[in-house]
Amino acid sequence: MSVTLRECRVAILVKALPQRSSAHGETVCCAGVTDGGALKRLYPVRFRHLSGKSSFNRWDWVNFKYRPPTRDRRQESCHVMEETIRVSGKMPARDRASFLNPLVSASIKDAEDAGKSLALIRPRNTRFYYKAKTSEQVEAERETCRKAARQGEFFDEELKALEPGPYTFRFKFEDGTGPHDYANGDREAHAMFFNGKRREGSDEAALKWMCKTFNEEHPQKGMLFCVGNMAKRPQTWQLLGILRVDDTGQGALFPPNPAEGAQATASRDQ
């Protein structure tokens, strides 16, 4: 039975860390917002298989066709037809705050009560920190990559060689209903570590740079979190992405406090 495909256009806000799927190999869950202000979840996207006008980055406007997912009942979720993805521009930096701040929820609980499975919040008292993974954890992730590489129609050498990150990144923060401590599932934050290590020459220097960025610079200038719940456990919410967006006071729960950001220090979790 044929399904009528729907068309959509979103500005990409989040590219989450890759997940290994038995059906699709390595996939990435992405989130975006339509020009009408509706948040959308895009899945499955085999991001490293995209090229040319199909390959997109954060803030790109992307056109695509989709159908409602078979098993995912969350209203924001779209089963994307990967071959229809096309980049059609980029949201200018000057437009981001005025566009996104009115969409901010006061808290994760408020978003949940409103029936949302994706939301933007402006966190308060954030503290970025990291934990080193054990060698067993890293090897288990590496083996998962190898298995996923063997699932497709051809052997994916790039996926086989994909090196897991040696650290778990987390944020402690508050919203309108209290404190939270979430793992950071943002692909770009993990890429930030590897880029920093290549530039700075060591894990220590890269982590120090990340701590300064997320504990001082972003909180002082303005930061949004994109959060979402899990399809099988809708009561469980996750931190999907961190967005550097000025706080204009429109739709924000708390005013920024530069002193808090300057005084906050991130460290290795003890």
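The values are calculated or read from the model by the stated rules, or taken from the named source; none is laboratory data. These numbers come from a predicted model, not from an experiment. Here the Cβ positions follow ideal geometry from the backbone for every residue, glycine too, while neighbour counts run over all protein chains shown.
Within the bounds of the stretch 149-167, is there any residue that is at pLDDT 95 or above and touching a strand residue (DSSP E or B) at 6+ places or on another chain (Cβ under 7 Å)?
The first filter runs over the stretch 149-167 and keeps only residues at pLDDT 95 or above, leaving none.
No.
If the condition is being touching a residue at least 24 places away in the same chain (Cβ under 8 Å) and either touching a Phe, Trp or Tyr at 6+ places or on another chain (Cβ under 8 Å) or closer than 29 Å to PRO102 by Cα (or both), then the stretch 180-202 contributes HIS180, TYR182, ALA183, ASN184, GLY185, ASP186, ARG187, GLU188, ALA189, HIS190, PHE193.
Checking each residue of the stretch 80-89 against the condition of being under 19 Å from LEU5 (Cβ atoms), assigned to a loop (DSSP other than H, G, I, E, B) and either assigned by TED's automatic domain parsing to the domain that holds ALA231 or within 16 Å of the chain's Cα centre (by Cα) (or both) gives no match. Residues in the stretch 98-117 that are surrounded by 17 or more Cβ atoms within 10 Å (Cβ to Cβ), of a type outside the set (D, E, K, R) and in contact (Cβ under 8 Å) with a residue 60 or more places away in the chain: LEU100, ASN101, VAL104, ALA106, SER107, ILE108, ALA111, SER117. Picking from residues in the stretch 169-186 that are of a type in the set (D, E, K, R) and out of contact with any Leu (no Cβ under 8 Å at 6 or more places or on another chain), the one that is nearest to SER105 (Cα to Cα) is GLU174.
Considering the stretch 161-217 alone, what residues qualify as being part of a loop (DSSP other than H, G, I, E, B) and over 22 Å from ARG142 (Cα atoms)? Walk me through how you get there before you give the answer.
Residues of the stretch 161-217 that are part of a loop (DSSP other than H, G, I, E, B), as a first pass: 161-166, 176-177, 185, 201-202.
GLY176, THR177, GLY201 - these are the residues of the stretch 161-217 that are part of a loop (DSSP other than H, G, I, E, B) and over 22 Å from ARG142 (Cα atoms).
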